[in-house]
Amino acid sequence: MSIVSSCQFLFFNLDFFVQYALLAMNMDRKNQILNSENDKNIALSDEQQTIQNITNQDYKYGFVTDIEMEEFPLGLNENIVRMISAKKNEPEFMTEWRLKAYRHWLKMKEPKWPKLHYPEVNFDDLYYYAAPKNENAPKSLDEVDPELIRTFDKLGVPLEERELLAGVAVDAIIDSVSVATTFKNKLNELGIIFCPMSEAIQDHPDLIKKYLGTVVPYTDNFYATLNSAVFSDGSFVYIPPGIRCPMELSSYFRINAAKTGQFERTLIIADKGSYVSYLEGCTAPMRDENQLHAAIVELIAMEDAEIKYSTVQNWYAGNKEGVGGIYNFVTKRGLCAGNHSKISWTQVETGSAVTWKYPSCILKGDYSVGEFYSVALTNNFQQADTGTKMIHQGRNTRSLIISKGISAGKSNNAYRGLVKVSSKAENARNYSQCDSLLIGDQCGAHTYPYMEIENPSAQVEHEATTSKVSEDQIFYLNQRGISTEDAVGMIVSGYAREVFQQLPMEFAVEAQALMSLSLEGSVG
Amino acid sequence: MTEVSTNFKDCIQDQIHSGDDTDFALSPELRSSSLAILNEGIFPTRKDEEWRYTPLKDILGRKFEFISNDKLNPDLLVEHKKVVPDAQHIVFINGEYSAEFSDDLTQQANAGLAIKLMTDLDPTDRQKAENIIQNSKLSDNSIFQHIALGLSQSGLFIDATNDTEIAKPLHLLFLSSTAGSTSFSNPVNIIHIGQNSSLKIVEQFVSAQDAQAVTIPADYIHLNKGSSLDFYKLGLESEGTDHISNTAVELSESAELNMHQYLLGSRLTRSNSEITFVEPGAQAKLCGIFLGNKSQHLDIRTYMDHAQPNCTSDQSFRGIMNDRSRGVFNGMVLVREHAQNTDAHQSNKNLLLSRDARIDTKPQLEIFADDVKCTHGATIGELDEDALFYLQSRGISKVDAALMLTHAFASEITQEIQIDSLREYVQHKIANRLRHIQTTNA
Amino acid sequence: MLSIKNLHVSIEGKPILRGLNLEVKPGEIHAIMGPNGSGKSTLAHVLSGREGYQIDSGSAIYKNLNLLEMAPEIRAREGIFLAFQYPIEIPGVNNTSFLKKALNEIRKHRGEEELDAIDFLSLIKKQMKLVEMNEDLLRRPVNQGFSGGEKKRNEILQMAVLNPELAILDETDSGLDIDALRIVASGVNKLRTESNAYVVITHYQRLLDHIIPDFVHVLSKGQIIKSGTKELALELEERGYDWLLEKSESPS
């Protein structure tokens, strides 16, 4: 059983465990034993620990599906851009927008980040479009290519079971085209739009015209501009005014075809007074060739709206010698457009050979709130340069940054973040805590906070500490009968607890499991 | 000797050809690589990470004129010497050593301390001095270091022998005095402290009220085993000046550095201090205040290189920015592989006192060893409302209360100054400046 | 149960234990006393398997197992428990989760069923009464923010839950006020059975007023120089260690 499916079973189990096990118990006993909410949490978090036992030496998701891929010629030019757009039956404005981005991209240079070292990407040696060769988009699970279903089975996210999983609707993406969307009807009733981006461009062109590229303009940065030109697909979410989305929206991404750059584009709009929680989880098949991933996520929160965006990222990180692995160059940005709006990013980054990612918040509305919770774990030869930008523009805006870096092996892990308070942003508040944990003496942990403050009423505070997994801690746990590997897993999970608490339960479980998996062989 | 140049870059080119080898502070061998960089003439831009927040437009746009040190009012010096009355005073005027106003170098005011002009070194001393420069590799290898190394025609070699506690502080006064024309000074000072010896140095940069000047000094300091140095730097030049300095310090085993910087002066101040632990078990304490008004730009950069195990560093810098001034703190703590048992702390706290003031702070950690204790913190904020109210509730006016709290904020640093007269002077200077703030804001 | 024969142990070439002999049988309480630096804590660490000690010669046989070759967690699962002199803080790791994990590892090792959360919580709540511990401490990270006394009580709570066969108490009395000392001691006394044994390492006699030892051993310079019954502890309290040390230094 793979981790994901077991996690979901566990989610199931936990849910039942808490609700039914407790119901089944004599109420007196329940009150006697679990006399606080906290006890329940202890009971829950205990179960999470057991998941850590499901560990295996090799990358679990390392396999390639044998679905026939439809591929365009190698390389990129205006024709390819037009072909991508035509393939998706896009309206003219979209084709033009892509072309504008492409032309702009030609003038840009790939950024050279000081802390990241990787062989240059040859952009002429990539395929910019790949889709499962199934011309008729499936209307239901029955129509989905059985091979795809088997892929999901291997990944541990069997779609049949998903429908049973209360509260989770999944927009599953293999490579570039969405193949199945569940719970659509239920969401439709509430006026919620949750569909593949390609579908949204067809069905909701007004929304796309109005919002696409407004948070991350096509000129934003090298990878974002490339994405704007060639983005394949992604998710589109619109929550109408006053609606609280009743379930966690979820999308599993996956890179599949060899040499296929993955250019997801996601846009989430939470209209006035609405709420949505979105989960993004990644697994990728093992390859010896580096693969490029350059996604864009744009979030827009109107007045009183809240968006919670959670990610567990576990793309293939390369092998123990540092060969292979995904290059993950992602632009994620949220705009708190309205007063009292809130955007919260939570990420658990354990995968990819190279990660370059700064989920950000532009706090434009008065009293708007931005949050960033991050656990980034690197092992072997992985490199991560990740953090956030909190741009305070409105009055009385607040932001919180909790970053927990974990470095093991010969990896390098950097937090890079910006807190900017513009001159008109009265009474801005920020607190940042950026901790690093080192495992072994071959790795690096770095902290690069930038604070640019132009308003005297701002209160901005940054703290950072560095610690290691101490031999004394490991021995203490050993002496109580716990193996070294489990001990390290416990200590690391404890260290990152503040962030895991932000994740929905099934993600928290998965995240902790991934951490243990990613740390294998790093101690002892 | 008056030369008129159109701008800063041309002025550098002129300087390259302005003397014989013997006129320069350093040997041709050492100067050659600096000259190559000067000939390229590339100045940092805001795309350079280390200069991200400090634009050089104004300094590069300056009109230049060089002038010898005439027209000096000696009373000015008398006042400045009082800052550290019981000291050996050495005076530079517009970048040139002034025998007239300095205590006689040949008369050793301090036993065990030899002070020589860089232009006047015997081969043994030159070797010793230039070795210290050669071993120092600044991480900020911008052109300014080379303006001092390649072009300096003045400076001191300060050499403290072994096992000696040098009692009298060394007071180095750098004065820019010309009005109406621009003076340019770029002294190179090399300081060598022998084993188990201790020394106190006060470097005071001042200018006449109406002076136009560019000061680009560089100090290279080597502390041998068990030695210690108290190093105070006062930046008090007037607003017609720009000041860009580099200080490189190497610490040997068990050596101890206490470095203070009080930067209140100049239109543009950029002070880069780089500390390298070249042997285990040393410690460095860096602290300072940067206090800006009008449209001053004050940039403090520190680079703490923990290259060896068991060393301790502690940095505490406070910025107070008023009017349209901008402050920059750019601090790096690097813990290299194998530098186990490092204990490094870095703190930067800032007060913004005006709507148009700005602070950019970047406290950074780069860590490659696991058994270390490293923390850093930075805050930016207003005065504590509760504290203000508390003082007001005791009958103190809001303006006075704010002044008291700002004072307290600064004095947590200044109280660490070990030379009484200096401490009083610095506190007095800060108080004066804050009083100005009070009146302009009222 | 435990048989230590002629044990020689050094740290970085410096001998600490120099031919130590000790026999512990089920149901017994052995007190090990001695001046600072005599090797008391080294003995506790060596028995529990801490790294950094060089075993130069000798043996320690525990339940017919060669103790010195076993990994620390295996020793723990075989029933050896060390109450640490300085219990370490582990940020973020919940005290209860940790203890449940430990107990289930030990139960698995013994071939017993693992306890689920409900059974575990009821067990731990019962045992907490033994050490009069505040339930809040269960919800906090392991030892983090605990006072000195709370840390020591937490050690005894863990002992009560894990139910070891051989418990080694390393200066558990240090840093405890008299009330905490009484609570810790009464916990130990309640946990005492015919089949488990205690090695109580202490510098002072006062703990032995509360935990009555069957045997008292005096450790000096890495050897047991005198063994006796509880009266020996009283004598030490009165006369100090010096009279014994002088005796041992006289020509043999």
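Values in this text are rule-based calculations from the coordinates and carry no lab data. Because the structure is predicted, anything quoted here is derived from the model rather than measured. Cβ atoms come from the backbone with ideal geometry, glycine included; neighbour counts cover every protein chain shown.
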Quick calc, B:Met404 & B:Asn135: beta-carbon distance into FRET formula, R0 56 Å, rounding 0.05, result 0.75
Using a simple spin-label model with points 7 Å from Cα along the Cα→Cβ vector, what separation in nm is obtained for C:Tyr86 and C:Glu231? 3.9
Residues B:Gln415 and B:Lys128, FRET efficiency given R0 of 41 Å [Cβ-Cβ distance, rounded to 0.05]: 0.65
Evaluate Rg over Rh across the range C:2-249, taking Cα atoms for both radii and Kirkwood's formula for Rh. 0.96
Given the DSSP H assignment, sum -39500 (n - 2.57) over each helix run of at least 4 residues in chain B and divide by its residue total; what's the result at 222 nm in deg cm²/dmol, nearest 500? -7000 deg cm²/dmol
Under the Karplus curve 6.51 cos²θ - 1.76 cosθ + 1.60, θ = phi - 60°, whole-Hz ³J(HN,Hα) for the range A:211-228, x wherever Gly or Pro sits: 10, 4, x, 7, 9, 10, x, 5, 8, 4, 7, 3, 6, 5, 5, 4, 4, 4
For the range B:4-279, whose charge dipole is built from +1 on Lys and Arg Cβ atoms and -1 on Asp and Glu Cβ atoms, the candidate among B:Thr106, B:Asn224, B:Phe92 with its Cα farthest towards the positive end is B:Phe92
Of all stretches in chain B that avoid trypsin sites (Lys or Arg not before Pro) placed in a DSSP loop and having at most 15 other Cβ atoms within 10 Å, the longest is B:138-293
Under a cut-off of 29 Å between alpha-carbon atoms, report the lysines in cross-link reach of C:Lys108, not counting same-chain residues fewer than 8 places apart. A:Lys30, A:Lys40, A:Lys60, C:Lys25, C:Lys63, C:Lys100, C:Lys125, C:Lys126, C:Lys129, C:Lys151, C:Lys152, C:Lys190
If you take the beta carbon distance between A:Arg244 and B:Ile396 as r and set R0 to 41 Å, what does 1/(1 + (r/R0)^6) give as a FRET efficiency, to the nearest 0.05? 0.20
Given springs between every Cα pair under 10 Å in a Gaussian network model of chain C, which of C:Asn94, C:Asn189, C:Asn134 has the largest fluctuation? C:Asn134
Any lysines with Cα under 18 Å of the A:Lys342 Cα? List them, leaving off those in the same chain fewer than 8 positions away. A:Lys272, A:Lys308, A:Lys332, A:Lys364, A:Lys389, A:Lys420
Once A:Val323 and A:Lys87 are pulled to full extension, the length gained, defined as 0.36 nm per residue separation minus their Cα-Cα distance, is 81.5 nm
Give the shape of chain B as rounded, prolate or oblate, defined through the alpha-carbon gyration tensor: a ≥ b ≥ c are the square roots of its eigenvalues, a/c under 1.5 means rounded, and otherwise the shape is prolate if a/b is larger than b/c and oblate if not. rounded
Does the range B:129-173 classify as rounded, prolate or oblate by the C-alpha gyration tensor (a ≥ b ≥ c root eigenvalues; a/c under 1.5 gives rounded; else a/b over b/c gives prolate, otherwise oblate)? prolate
Please report, in debye to the nearest 20, how large the charge dipole of chain B is about its Cα centre when each Lys and Arg carries +1 at its beta carbon and each Asp and Glu carries -1 there. 1420
What is the dipole size for chain C, taken about its Cα centre, with +1 at each Lys and Arg Cβ and -1 at each Asp and Glu Cβ, in debye to the nearest 20? 280
Considering chain C as a Gaussian network with a 10 Å cut-off on Cα pairs, which listed residue, C:Pro91, C:Pro35, C:Pro26, attains the greatest mean-square fluctuation? C:Pro91
If amide H atoms are modeled at 1.01 Å from N in the peptide plane, then the residues at a separation of 5 or more from B:Thr182, or on another chain, having amide H under 5 Å from its own are B:Glu65
Which of rounded, prolate, oblate describes the range C:36-176, given a ≥ b ≥ c as roots of the alpha-carbon gyration tensor eigenvalues and a/c under 1.5 marking rounded, otherwise prolate only if a/b is larger than b/c? oblate
At 222 nm, what value in deg cm²/dmol follows for chain C if DSSP H runs of at least 4 each add -39500 (n - 2.57) and the sum is divided by all its residues, to the nearest 500? -11500 deg cm²/dmol
Can you list the GluC sites (Glu not before Pro) in the range C:161-252 that are in a DSSP coil and have 16 or fewer other beta carbons within 10 angstrom? C:Glu194
